[in-house]
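A short write-up of the structure that comes next.
The values are calculated or read from the model by the stated rules, or taken from the named source; none is laboratory data. Source: prediction; values computed, not measured. No Cβ is skipped: glycine too gets one built from the backbone with ideal geometry, and neighbour counts run over all protein chains shown.
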Amino acid sequence: MDRQQKFLELIGRYKRIIYKVCYLYAPDRTQLDDYFQEVVLALWNGFDRFRGESSAATWVYRVALYTCISFVRRRMRRPALVRVTVDLACDDDRELREQLDELYAAIGRLGRLDRALVLLWLEERSQEEIAAVTGLKPGTVAVRMTRIREKLRKMYNR
């Protein structure tokens, strides 16, 4: 398999992760594709340098997070609210839908790093994986997650 095919396979496997990260950082849906393209370009540029010291998922998360954060800084724009659409099998349950919308609105008001930590935690990543993606120490991840949960509790229960 040649380099391009391997890369396309990687993107296909982790497309959902890339879109999730981009969705949390893109100011609106119209710029989501720009963020996605930036991440794919960054992955392509770093593809030959990926040594496999971490899992491919960890590497993709890390590149996506840092690329989106850099893209936000370059555009000098930071959204006050991030809307996240969640595909649920039980979309008919309006009360659940409203609760999820409220929760994701609260997550959108967190800082960039805190949003990244919550995203990884919601993906059921271990502290060690979250630390590897974010560059934090596992103990720091645990402390920050405790503080983030408290912030969300306060925002959510207003």
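Considering only segment 18-55, state which residues are aliphatic (A, V, I, L, M) and part of a loop (DSSP other than H, G, I, E, B). Give the steps one after another, and end with the answer.
The first filter runs over segment 18-55 and keeps only residues aliphatic (A, V, I, L, M), leaving 18, 21, 24, 26, 32, 39-43.
Passing the criteria: only 26.
Restricted to segment 112-158, and to residues that are of a type in the set (S, T, N, Q) and assigned to a helix (DSSP H, G or I), which residue is surrounded by the fewest Cβ atoms within 10 Å (Cβ to Cβ)?
146
Specify the residue that is modelled with the lowest pLDDT; the eligible residues are those in segment 87-111 that are surrounded by fewer than 12 Cβ atoms within 10 Å (Cβ to Cβ) and within 18 Å of the chain's Cα centre (by Cα).
Initial filter on segment 87-111 (surrounded by fewer than 12 Cβ atoms within 10 Å (Cβ to Cβ)): 87-92, 94-95, 98, 111.
Still in the running and within 18 Å of the chain's Cα centre (by Cα): 87, 111.
Details: 87: 51, 111: 86.
Among those residues, the one meeting the criterion is 87.
Out of 60, 40, report the one residue that is under 19 Å from residue 129 (Cβ atoms), modelled with pLDDT of 90 or more and either not assigned by TED's automatic domain parsing to the domain that holds residue 149 or not small (Gly, Ala, Ser) (or both). Walk me through it before giving the result.
Numbers: 40 fails: under 19 Å from residue 129 (Cβ atoms).
The conditions single out 60.
Any residue in segment 137-157 that is within 24 Å of residue 102 (Cα to Cα) sitting within a Cβ distance under 8 Å of a residue that is hydrophobic (A, V, I, L, M, F, W, C) and not in a helix (DSSP H, G or I)? List the pairs, counting only those 6 or more apart or interchain.
144/136; 148/110; 151/110; 152/110
What pairs come out if I take residues in segment 29-54 that are exposed (fewer than 13 other Cβ atoms within 10 Å of the Cβ) and pair them with residues that are among the charged types (D, E, K, R) whose C-beta lies under 9 Å away, six or more apart or interchain?
Listed by first residue and then by second, the contacts come to 29/83; 48/3.
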